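Notes follow the structure.
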Amino acid sequence: MIPIRCAAIASLCLFMGGCGTVTTVVSGDDVTRRNLKKNNSYCDTVPRVYSGLSYDLCVLHGPSKTVAQDIASPVMLPLTLLDTIPSAFVDTVILPYTIYRQNVDGSIQLSP
């Protein structure tokens, strides 16, 4: 029963376009930079180890600058918080790969 739940969580995260792990591991670093700049995040770097969880926390760590973001905040906040759970799970599964990438490439630099 537990492996089925784990597989369901992993599948849900992989099929979610906004999943932090998918954004940071599968997409390029430029996509991560662009998304976090769009969210006005205060983060300077995102470590590759547990990058999905870090990405989600960086999305939450920034001011709302526009009216559109203020309206979307009540909707996006719970979704982003909910995404931290599958992101942390998938980040744990792919930990050997992200440790290797951290050693080779370093953290994702958000400032040029």
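Checking Val49 against (1) at pLDDT 85 or above; (2) among the aliphatic types (A, V, I, L, M); (3) not in a loop (DSSP other than H, G, I, E, B), which test does it fail?
The single condition Val49 does not satisfy is (3).
Listed here are the residues, each with its yes/no results for (1) out of contact with any Gly (no Cβ under 9 Å at 6 or more places or on another chain); (2) on the phi < 0 side of the Ramachandran plot; (3) modelled with pLDDT of 85 or more.
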| position | (1), (2), (3) |
| --- | --- |
| Leu57 | no, yes, yes |
| Leu60 | yes, yes, no |
| Ala72 | yes, yes, no |
| Leu79 | no, yes, no |
| Thr84 | no, yes, no |
| Ser87 | no, yes, yes |
| Thr92 | yes, yes, yes |
| Arg101 | yes, yes, yes |
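If you scan region 29-58, which residues turn out to be open to solvent by 80 Å² or more (accessible area, probe 1.4 Å) and out of contact with any His (no Cβ under 8 Å at 6 or more places or on another chain)?
Asp30, Arg34, Lys37, Lys38, Asp44, Leu57
Regarding Ile4, is this residue open to solvent by 70 Å² or more (accessible area, probe 1.4 Å), part of a helix (DSSP H, G or I) and at pLDDT 60 or above?
Against the criterion (open to solvent by 70 Å² or more (accessible area, probe 1.4 Å), part of a helix (DSSP H, G or I) and at pLDDT 60 or above), Ile4 qualifies.
The values are calculated or read from the model by the stated rules, or taken from the named source; none is laboratory data. Only a predicted model underlies this, so the values are computations on that prediction, with no experimental measurement involved. For neighbour counting, all protein chains shown are included, and Cβ atoms are generated from backbone atoms with ideal geometry for every residue, glycine included. Protein only, heavy atoms only, side chains kept; ligands, DNA and RNA dropped before computing areas. Shrake-Rupley method; radii C 1.70, N 1.55, O 1.52, S 1.80 Å.
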